[in-house]
Amino acid sequence: GENVEQHPSTLSVQEGDSAVIKCTYSDSASNYFPWYKQELGKRPQLIIDIRSNVGEKKDQRIAVTLNKTAKHFSLHITETQPEDSAVYFCAASKEDYKLSFGAGTTVTVRA
Amino acid sequence: KAGVTQTPRYLIKTRGQQVTLSCSPISGHRSVSWYQQTPGQGLQFLFEYFSETQRNKGNFPGRFSGRQFSNSRSEMNVSTLELGDSALYLCASSLNRQGWQETQYFGPGTRLLVL
């Protein structure tokens, strides 16, 4: 099955700096890559997603890039704010209605 | 639109018992997926239902089962509970039309503690 690896497991950044989280996937048939943010005690919430026919997608301070050849995708958060502190999960899916998640990255934004 | 809801929110059971968790999807969503979240294993896929049919299943023992009703509400059941079943059980709903992965929206989860 699909195996998604996520790095780093923890990330501490100064407020205003950028944060980058990287994921690799194993199944070349995967074509949908969402990112979820989970605050402590809350449900995972989608923050951005990308499909395999697109190389990059941006939404305000958040962007995702996808390299299909290398089978990796990355989340970029610019101008980080304290409310960006959370656990971020990447996931991959092909047309089988199943999300395979990375292990998560705990992001801490220092004020 | 109301979001995905799950009941109960918290459960405490003892080993050997069974438990049933419920999930109500967003109105109009016919796909419901279930995930187990633990600190050690992260988020793991259990199964997915669409129009009362299971379309995919993860690598969990047969003690984990589910079903979906005609109104798209779904239940999952865990029989003969083990300590390792303690986890947050999340369901997610989506439109998930045939052959197209749509956004999955998660419920708040049911936290199960097995003693």
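Couple of notes before you dig in:
- Cross-link pairs beyond the 28 Å C-alpha cut-off, checked among A:Lys68/B:Lys1; A:Lys94/B:Lys13; A:Lys57/A:Lys94: A:Lys68/B:Lys1; A:Lys94/B:Lys13
- Only one residue of B:Ile26, B:Gly40, B:Phe50 has its Cα farthest out toward the positive end of the dipole of segment B:1-71, where Lys and Arg carry +1 and Asp and Glu -1 on Cβ, and that residue is B:Gly40.
- Distance in nm between pseudo-label sites at B:Thr5 and B:Gln44 (7 Å out along the Cβ direction from Cα): 3.1 nm
- Legend: Rg and Dmax of the protein assembly as shown, from Cα coordinates, 17.5, 51 Å.
- Relative to the Cα centre, the charge distribution of segment A:1-62, modelled as +1 at Lys and Arg Cβ and -1 at Asp and Glu Cβ, gives a dipole magnitude of about 200 debye.
- Net charge contributed by nearby residues that have their C-beta within less than 14 Å of A:Val64 (K/R +1, D/E -1): +4
- Coil-residue GluC sites (Glu not before Pro) of segment A:1-44, DSSP, other Cβ within 10 Å capped at 16: A:Glu15, A:Glu39
- Most positive-pole-ward Cα, A:Ser18, A:Ala86, A:Val64, against dipole of chain A from beta carbon charges: A:Val64
- With both labels modelled 7 Å from their Cα along Cα-to-Cβ, the B:Ser27 to A:Thr106 distance reads 4.0 nm.
- Neighbour-count ranking [beta-carbon atoms within 10 angstrom, fewest first] of A:Asp17, A:Asp27: A:Asp17, A:Asp27
- Computing Rg and the Kirkwood Rh from the Cα coordinates of segment A:22-108 gives a ratio, Rg/Rh, of 0.95.
- An ellipsoid equivalent to chain B, defined through the eigenvalues of its Cα gyration tensor, has semi-axes of 23, 14, 13 Å when rounded to whole angstrom and sorted largest first.
- FRET efficiency estimate (nearest 0.05) - Cβ-Cβ, A:Ala29 to A:Lys58, R0 30 angstrom: 0.70
- Net charge of neighbours whose Cβ lies under 10 Å from the Cβ of B:Ser65, counting Lys and Arg as +1 and Asp and Glu as -1: +2
Since every read-out is calculated from the coordinates, none of them should be taken as a lab result. This one's a predicted model, so the numbers in the text were calculated from it and none came from an experiment. As a convention, Cβ positions derive from the backbone with ideal geometry for all residues, glycine included, and neighbour counts pool all protein chains shown.
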